[in-house]
1. Report whether or not GLU72 is under 17 Å from VAL25 (Cα atoms) and either touching a residue at least 24 places away in the same chain (Cβ under 8 Å) or over 17 Å from the mean Cα position of the chain (by Cα) (or both).
2. In the list ILE195, ILE162, which residue meets the criterion of being surrounded by fewer than 17 Cβ atoms within 10 Å (Cβ to Cβ), touching a residue at least 12 places away in the same chain (Cβ under 8 Å) and within 30 Å of LEU42 (Cα to Cα)?
3. Could you check HIS174 against (1) in contact (Cβ under 8 Å) with a residue 40 or more places away in the chain; (2) within 22 Å of PHE104 (Cα to Cα); (3) over 22 Å from the mean Cα position of the chain (by Cα) and say which number it fails?
4. Restricting attention to segment 96-137, and to residues there that are among the small types (Gly, Ala, Ser) and either assigned to a helix (DSSP H, G or I) or surrounded by 18 or more Cβ atoms within 10 Å (Cβ to Cβ) (or both), which single residue is nearest to the chain's Cα centre (by Cα)?
5. Please verify whether SER171 is assigned to a helix (DSSP H, G or I) and small (Gly, Ala, Ser), treating the condition exactly as stated.
6. Only one of TRP245, TRP173, TRP217 is among the aromatic types (Phe, Trp, Tyr), under 23 Å from LEU14 (Cβ atoms) and not assigned by TED's automatic domain parsing to the domain that holds THR93. Can you tell me which?
7. Is there any pair linking a residue in segment 79-103 that is under 14 Å from TYR45 (Cα atoms) to one that is surrounded by 18 or more Cβ atoms within 10 Å (Cβ to Cβ) and among the hydroxyl-bearing types (Ser, Thr, Tyr), with Cβ under 6 Å and at least six apart or on different chains, and which?
8. Among the residues of segment 211-243, which ones are within 24 Å of ASP90 (Cα to Cα), assigned to a helix (DSSP H, G or I) and among the aliphatic types (A, V, I, L, M)?
Amino acid sequence: MTMLSCHDVARYFLTKVDKDAGDLVSNLKLQKLVYYAQGLHLALYDEPLFPESIEAWQYGSVVPVLYHAYKEYGAGAIEPPKDIDFSHYDERTRSHLDEIYYFFGQFSAGKLANMTHEEDPWKNTATNGIITHQSMKEYFRTWLEQHPGTIKAFDASQQEGIVQRFEALASQWHKEVGGSSFVAEKSMHPAYQEIINMGSLVVPLLLRELEQRPTHWFEALRAITGANPIQPEQRGRTKQMAEAWIKWGRDHGYEW
């Protein structure tokens, strides 16, 4: 596995911003997402995600070189990158970053900053001092025990089982509510919700389903990825909605 830079991690997170849905990732929020990605990577895999140091600043954990790269945006929204090579990110890394964004991306910049103020790596580091990998690893290993199943280690050997589980759940869903005209009934079905809970590993499987037989997987994809590529004029048109998601998936480097 080739180590990424903090800039690679930041750019990946910025591709997940849905401007049409009102998403906003400021420099402050981006710093916290990158910090959590590093800390939890250390806890799960016993190695850093990127080599750049993280420091304990007044408003929480900050990667100084990353802060300076985006400081021109102030507290405003950072523009997503216009081009990014997703082949630079291996499957394990993509799964990890997707899970970090899915869990921590729901919080505001201020909330994330306050969260870091309550955590040992920031509290136990002198102001402007470097937060050590060891302190992050120890803290986030305990965090994982307290939040079981929230951020999971990637295991390629489990992929076959994930595919089989997804196909069984999808088949159950199609059989029991696939023909329903009520969107809420479809999206709240237990099998549908279990697919959402499987997380980012099922995104390619959902996109494959949409390509083979366009149907209502849109809420699941939006819940897992945080994205919504469907334009207002496409709403209610299942085939066009499916095409929008398929294009989004290919643009974001997914293969199925």
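The values are calculated or read from the model by the stated rules, or taken from the named source; none is laboratory data. Since the model is a prediction, treat every value here as computed from it, not as a measurement. With ideal geometry, Cβ positions are generated from the backbone for all residues, glycine too; neighbour counts draw on all protein chains shown.
1. Numbers: under 17 Å from VAL25 (Cα atoms): yes; either touching a residue at least 24 places away in the same chain (Cβ under 8 Å) or over 17 Å from the mean Cα position of the chain (by Cα) (or both): yes.
So GLU72 passes the test.
2. Values: ILE195 fails: surrounded by fewer than 17 Cβ atoms within 10 Å (Cβ to Cβ).
Just a single option satisfies the conditions, and that option is ILE162.
3. Condition not satisfied by HIS174: (2).
4. In the first step, residues of segment 96-137 are kept if they are among the small types (Gly, Ala, Ser); the result is 105, 108-110, 113, 126, 129, 135.
Among the residues that remain, those that are also either assigned to a helix (DSSP H, G or I) or surrounded by 18 or more Cβ atoms within 10 Å (Cβ to Cβ) (or both) are: 105, 109-110, 113, 135.
Working: GLY105: 7, ALA109: 16, GLY110: 19, ALA113: 18, SER135: 24 Å.
Going through the qualifying residues, I end up with GLY105.
5. Working: assigned to a helix (DSSP H, G or I): yes; small (Gly, Ala, Ser): yes.
Taking the combined requirement at face value, the residue satisfies it.
6. On the way: TRP173 fails: under 23 Å from LEU14 (Cβ atoms); TRP217 fails: under 23 Å from LEU14 (Cβ atoms).
On inspection, the qualifying residue turns out to be TRP245.
7. SER95/SER200; LEU97/TYR12
8. Kept after step one, since they are within 24 Å of ASP90 (Cα to Cα), are these residues of segment 211-243: 211, 220-229.
Restricting the remaining residues to those that are assigned to a helix (DSSP H, G or I) gives 211, 220-225.
Within segment 211-243, ALA220, LEU221, ALA223, ILE224 meet the criteria.
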